[in-house]
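Just below is one structure, and these are the notes that go with it.
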Amino acid sequence: MLKIGLIGCGFMGTMHANCYKNIDGVEVVAFADIRKECAQKLAEGTNADIYGDGNDLIENADVDIIDICLPTYLHCEYALKAMKKVKYLFVEKPVALTVEQGTKMLEMAKETGTRVQIGQVIRFWDEYVKLAEIIAEGKLGKIVNANFRRISPTPTWGWNDWLRKYEFSGGAAQDLHIHDMDYVLSVFGTPNKIASVKNTIGETNSYINSLLSYDDFAVSVEGTWRLPETHPFEATFRVVFEKGTVENSGGKFMLYTENSAEEIKIDKTEGLGEGFEGGNISDLGGYYNELVYFTECAKQNAQIKKATLKDGVESLAYVLEEIKNA
């Protein structure tokens with residue numbers, strides 16, 4: 001049985017705790033949060049230890065794995081300490097606030113041998129996994145163009161409103177838009193050029209749209225969380241190929257060709273429940289998938305090859321360049 005220590009018991013920590021309950025061979029044996037009542041709530045019905053500070057968990061808990069679900073500005077600080085304690089570490093996305101912080105984490109991982117996965121969950125989301133398979137198969141021919149879009153109401157569910165404070169979260173570009181940028185980079189590779197526009201309202205970069213140019217096609221990636229609370233969260237994509245178009249929108253994964261419009265059924269991870277009220281997550285499938293992969297690597301003492309620490313730092317670097325040049 002793999003013993004897990006979970007640091008951060010808010011919105012994302014609750015997501016992860018719910019997923020771990022559904023994974024065989026693992027158990028969260030320690031919860032830490034400065035709001036001790038949040039840790040106690042997640043530990044209900046278990047014999048898990050409760051800590052009022054993540055440092056106490058790192059120093060004292062008997063765990064094999066540490067999972068960090070803290071606000072972004074705390075990722076580097078706690079990750080560096082955790083790498084001295086465990087061989088496997090999970091850090092929510094984005095990896096950190098700055099590339100310098102990410103580089104420190106890479107250096108520590110090399111020094112300690114800790115294997116780190118970053119919560120770039122879209123790589124594990126069923127619809128996006130299917131799209132990657134279609135692209136790799138090549139049956140629809142060359143890519144002509146693609147569009148990825150992720151839009152959300154302004155996030156109000158973060159502790160002390162940290163998500164809306166740029167110095168803590170990096171804004172919509174680093175917290176929301178990075179999902180699609182990371183996926184695009186993983187599937188299409190390094191672009192030849194990126195052109196970006198942004199709109200800053202209030203304390204954060206609330207809107208960003210980038211055009212990534214490749215040798216013979218372009219990819220548009222749009223993200224915003226400057227929408228009314230009444231507007232639903234949306235994550236969509238459309239990829240135009242020579243022989244058809246694949247589109248994921250409105251809960252349907254469609255394949256359009258000259259002769260037909262076909263809904264493709266996706267083998268989705270089910271039975272885990274829906275996302276939690278107040279956030280922009282519709283279900284737990286992708287989170288479950290990424291944590292199954294992570295814990296399987298730990299069980300088998302295997303290297304992490306998906307959503308690695310290096311991947312996380314590279315995606316962060318691209319997003320920061322977008323912000324800088326927009």
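State whether one or more residues within segment 210-217 are in a strand (DSSP E or B), surrounded by fewer than 19 Cβ atoms within 10 Å (Cβ to Cβ) and not aliphatic (A, V, I, L, M). For segment 210-217, residues in a strand (DSSP E or B), surrounded by fewer than 19 Cβ atoms within 10 Å (Cβ to Cβ) and not aliphatic (A, V, I, L, M): present. Determine whether residue 173 is at pLDDT below 95 and small (Gly, Ala, Ser). Considered against the rule, which asks whether it is at pLDDT below 95 and small (Gly, Ala, Ser), residue 173 comes out as yes.
Under the condition of being of a type in the set (Gly, Ala, Ser) and closer than 30 Å to residue 76 by Cα, the residues counted in segment 109-155 number 4. Taking segment 157-175 as the range and being outside any helix (DSSP H, G or I) and closer than 18 Å to residue 234 by Cβ as the test, only 157 passes. Tell me whether segment 142-155 contains one or more residues that are in contact with an Asp or Glu (Cβ under 9 Å, 6 or more places away or on another chain), of a type in the set (Gly, Ala, Ser), in the same structural domain as residue 231 (by TED's automatic domain parsing) and under 30 Å from residue 37 (Cβ atoms). So far as segment 142-155 goes, yes, one or more of its residues are in contact with an Asp or Glu (Cβ under 9 Å, 6 or more places away or on another chain), of a type in the set (Gly, Ala, Ser), in the same structural domain as residue 231 (by TED's automatic domain parsing) and under 30 Å from residue 37 (Cβ atoms). Only one of the numbered conditions (1) assigned to a helix (DSSP H, G or I); (2) under 26 Å from residue 97 (Cα atoms); (3) hydrophobic (A, V, I, L, M, F, W, C) is not met by residue 9, and that is (1). Residues being closer than 20 Å to residue 285 by Cα, among the β-branched types (Val, Ile, Thr) and crowded, with 22+ Cβ neighbours inside 10 Å are entirely absent from segment 57-65.
Of everything in segment 70-100 that's under 16 Å from residue 9 (Cβ atoms) and touching a Phe, Trp or Tyr at 6+ places or on another chain (Cβ under 8 Å), which residue is surrounded by the fewest Cβ atoms within 10 Å (Cβ to Cβ)? In this case the residue turns out to be 71.
Of all the numbered requirements in (1) in the same structural domain as residue 171 (by TED's automatic domain parsing); (2) in contact with a Lys or Arg (Cβ under 9 Å, 6 or more places away or on another chain); (3) modelled with pLDDT of 95 or more, residue 301 misses one, and that requirement is (1).
The C-beta contact set for segment 173-188 (first residue over 21 Å from residue 98 (Cβ atoms), second residue among the small types (Gly, Ala, Ser), distance under 8 angstrom, 6+ apart or interchain) comprises 184/146; 186/132; 187/132; 188/146. For segment 13-38, which residues satisfy the criterion of being within 20 Å of residue 77 (Cα to Cα) and crowded, with 23+ Cβ neighbours inside 10 Å? Within segment 13-38, 13, 30, 31, 32, 33 qualify. When each of 63, 144, 95 is tested for being of a type in the set (Val, Ile, Thr), assigned to a strand (DSSP E or B) and touching a residue at least 60 places away in the same chain (Cβ under 8 Å), the lone residue that passes is 144. Scanning segment 27-48 for residues that are in a helix (DSSP H, G or I) and either modelled with pLDDT under 95 or closer than 23 Å to residue 298 by Cβ (or both) gives 39, 42, 43. What number of residues in segment 304-326 are in a loop (DSSP other than H, G, I, E, B), over 24 Å from residue 13 (Cα atoms) and not hydrophobic (A, V, I, L, M, F, W, C)? Number satisfying all stated conditions: 0.
The values are calculated or read from the model by the stated rules, or taken from the named source; none is laboratory data. Predicted model only: the values in this text are computed from it and were never measured. For neighbour counting, all protein chains shown are included, and Cβ atoms are generated from backbone atoms with ideal geometry for every residue, glycine included.
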